[in-house]
Amino acid sequence: MKELPGDVFIAGQILPLQMEALAEQGIMTFINNRPDMEAPLQPLSDLLSDTAQKLGVDYHHIPMAGGLTPGLIAASVTAYNEMPRPIFAFCASGMRSAALWCFAHVKQLGIDGVLSAVADIGFNLEQLRTPLQGFVAQEDTE
């Protein structure tokens with residue numbers, strides 16, 4: 001588990017038992033960026049959602065399969081802006097979750113800030129610089 005600014009934690013796949021332990025430690029929102037059936041023995045989103053509901057915490061399934069889309073970015077920005085923190089986001093390795101975190105936090109931290117933050121936890125996402133620039137420019141015109 002790696003920490004990013006904004007009371008956000010990123011990791012690879014977790015199981016329901018791990019969700020319970022994390023909720024006991026204060027995690028209030030889980031964001032699952034992994035599509036169902038991506039790998040054998042991966043817990044399905046419905047099971048993780050049921051677990052979150054039993055624990056009284058928020059859960060959002062925002063699966064990223066393939067590239068970034070406007071809808072995926074918008075759903076991530078909304079989740080990060082509206083859900084209670086601390087937030088725990090996960091996928092297979094944490095990289096997709098880190099990428100989506102960048103889009104949700106670029107307005108507050110700037111492009112260099114988000115790319116530096118994810119680099120500090122081991123993800124080189126420099127390839128996102130141009131899409132982040134486009135996202136920021138689009139947001140500024142709205």
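The values are calculated or read from the model by the stated rules, or taken from the named source; none is laboratory data. Source: prediction; values computed, not measured. Neighbour counts are summed over all protein chains in view; Cβ atoms, including those assigned to glycine, are modelled from backbone coordinates with ideal geometry.
The figures follow:
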read-out	value
Test: Phe30 is out of contact with any Leu (no Cβ under 6 Å at 6 or more places or on another chain), closer than 19 Å to Arg129 by Cα, in contact (Cβ under 8 Å) with a residue 12 or more places away in the chain and surrounded by 21 or more Cβ atoms within 10 Å (Cβ to Cβ)	no
One residue from Gly110, Gly6, Gly94, Gly12 being at pLDDT below 95 and either closer than 25 Å to Gly134 by Cα or surrounded by fewer than 21 Cβ atoms within 10 Å (Cβ to Cβ) (or both)	Gly6
One residue from Leu41, Leu68 being at pLDDT below 95, over 19 Å from Ala11 (Cβ atoms) and not in a helix (DSSP H, G or I)	Leu68
Tally of residues being within 10 Å of Phe90 (Cβ to Cβ) and either of a type outside the set (A, V, I, L, M, F, W, C) or in a strand (DSSP E or B) (or both) across segment 1-14	5
Exclusive hit being touching a residue at least 60 places away in the same chain (Cβ under 8 Å) and part of a helix (DSSP H, G or I), set Leu22, Leu47, Leu17	Leu22
Some residue of segment 54-64 being touching a Ser or Thr at 6+ places or on another chain (Cβ under 9 Å), among the aromatic types (Phe, Trp, Tyr), over 21 Å from Leu125 (Cα atoms) and modelled with pLDDT of 95 or more	yes
Positions within segment 119-142 being in a helix (DSSP H, G or I), charged (D, E, K, R) and surrounded by fewer than 12 Cβ atoms within 10 Å (Cβ to Cβ), in sequence order	Glu126, Asp140
